[in-house]
Amino acid sequence: MDHYFITGTGTGIGKSLVEELLGKAKITGYSRSNQIHHPDYTHHSIDLSHPGAVANMPLELPDDADRVVLINNAGTIGEINRTGDLSQEHYQQVFQLNLVSLTQICDRFLNQARTKNYPCLLLNISSGAAINPIPSWAAYCASKAGVDMFTRVLNAELQELKLDHIRVFSVYPGVVDTGMQAYIRSSDPGNFSSLLRFQEYKDEGKLYRPEQVTAAILSIFKDLSALTEPVVNLRDYIQ
C-alpha cells in the first residue's frame, strides 16, 4: 500500500487529498487543525510557521511500502500590502512556512528515501506567483520562486547520484477556491491593485475546486513516465 505524508491537511487542497485517499493509502497529515478521523489517517498537530517545528515533526518512512509520497502543501500568503508597509513578523512567518520548513522537511524525507527500495515521490505545492510578480505579494512570490529553484536543484542532485527511485516536482495548482482566496478577496483595495481581478475569478466561476486539483495530482503523478521537467503546471491537466 502507498503511504502519503501531507502537510496543511486542515483545509483546502490538503484536506481534499486526504479525503480522496482514505481507504486507498496510509496517510500521515500535519496541520494546526484537524477534521478527519479514519483508521488509515494519522494526524499530527503542528504549526510549521514556527522555527524548530520540523525538528520535532514525526516523519518516519516505513520499511516496506508500494510507494511513499510526500506532499508539501502547507503555505501562507501573509499580509497583503506593499513592501515598506509590512511587519517584520510577516516576512518571518511567510518564509518560514513556505520555504524554510519545506526545505527542512524535504531534507528529512530524502535522507531516508535514498536508502529505500521502493519508489519515492516528493511534491512541493508552489504557485504561478513564483514566475509572475504580483504587487503586494512580494514575500509570497519570492518564497514560491525559492520552492521552484530548490526543487530543480533536488532534481539535479538526484540525477547526479542516479537515485532513480526518487522523483521530485514543484506543482502549480492554479487559482483554487480555498480559504486563502477568500482572504485575498477581503484585502484593502488601497493595498492590493489586483483585488478586482481576484474578486472576478470568484464571481465568474473561474476558481478550481480543491477536488479538481486533487484529482489532477493523483492522476498525473500515478505514471511519471511522461513528466520530464521538475516544475509542473496543473492547469494543463485539470478537468
**Request:** Within the range 198-211, identify whether any single residue is farther than 20 Å from ARG235 by Cβ and touching a Ser or Thr at 6+ places or on another chain (Cβ under 6 Å), and answer yes or no.
**Result:** no
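Can you go through GLN92, GLN96, GLN112 and tell me which one is surrounded by 20 or more Cβ atoms within 10 Å (Cβ to Cβ), over 21 Å from LYS15 (Cα atoms) and not aliphatic (A, V, I, L, M)?
On the way: GLN92 fails: surrounded by 20 or more Cβ atoms within 10 Å (Cβ to Cβ); GLN112 fails: surrounded by 20 or more Cβ atoms within 10 Å (Cβ to Cβ).
Being surrounded by 20 or more Cβ atoms within 10 Å (Cβ to Cβ), over 21 Å from LYS15 (Cα atoms) and not aliphatic (A, V, I, L, M) holds for just one of GLN92, GLN96, GLN112, which is GLN96.
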**Message:** Of the conditions (1) in a helix (DSSP H, G or I); (2) under 28 Å from LEU86 (Cα atoms), PRO135 satisfies every one except a single condition; which number is it?
**Reply:** (1)
**Prompt:** Has the range 165-174 got any residue that is without any contact (Cβ under 8 Å) to a residue 40 or more places away in the chain, surrounded by 14 or more Cβ atoms within 10 Å (Cβ to Cβ) and outside any loop (DSSP other than H, G, I, E, B)?
**Reply:** no
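If a residue must be in a loop (DSSP other than H, G, I, E, B) and out of contact with any helix residue (DSSP H, G or I) (no Cβ under 9 Å at 6 or more places or on another chain), how many such residues does the range 1-23 contain? Before you say what the answer is, go through the steps one by one.
Of all residues in the range 1-23, those in a loop (DSSP other than H, G, I, E, B) come to 1-2, 8-11, 22-23.
Checking which are out of contact with any helix residue (DSSP H, G or I) (no Cβ under 9 Å at 6 or more places or on another chain) leaves us with 1, 10, 22-23.
Qualifying residue count, the range 1-23: 4.
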**Message:** Name the single residue that is nearest to TYR172 (Cα to Cα) among those in the range 1-49 being surrounded by 17 or more Cβ atoms within 10 Å (Cβ to Cβ), out of contact with any strand residue (DSSP E or B) (no Cβ under 9 Å at 6 or more places or on another chain) and of a type outside the set (Asp, Glu).
**Reply:** SER16
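Suppose we filter the range 80-89 for residues that are farther than 17 Å from PRO51 by Cβ and surrounded by fewer than 21 Cβ atoms within 10 Å (Cβ to Cβ); how many remain? Can you show your working first?
Initial filter on the range 80-89 (farther than 17 Å from PRO51 by Cβ): 80-86.
Of the ones still in play, those that are also surrounded by fewer than 21 Cβ atoms within 10 Å (Cβ to Cβ) are 81-86.
So the count comes out to 6.
Can you go through TYR91, TYR30, TYR118 and tell me which one is out of contact with any helix residue (DSSP H, G or I) (no Cβ under 6 Å at 6 or more places or on another chain), at pLDDT 95 or above, farther than 23 Å from ASP223 by Cα and among the aromatic types (Phe, Trp, Tyr)? Break it down stepwise before answering.
Working: TYR91 fails: out of contact with any helix residue (DSSP H, G or I) (no Cβ under 6 Å at 6 or more places or on another chain); TYR118 fails: farther than 23 Å from ASP223 by Cα.
Selected residue: TYR30, the only one of TYR91, TYR30, TYR118 that is out of contact with any helix residue (DSSP H, G or I) (no Cβ under 6 Å at 6 or more places or on another chain), at pLDDT 95 or above, farther than 23 Å from ASP223 by Cα and among the aromatic types (Phe, Trp, Tyr).
The values are calculated or read from the model by the stated rules, or taken from the named source; none is laboratory data. The structure presented is a predicted model; accordingly, all values stated were derived computationally and were not measured. Virtual Cβ from ideal backbone geometry, glycine too; neighbours counted across all protein chains shown.
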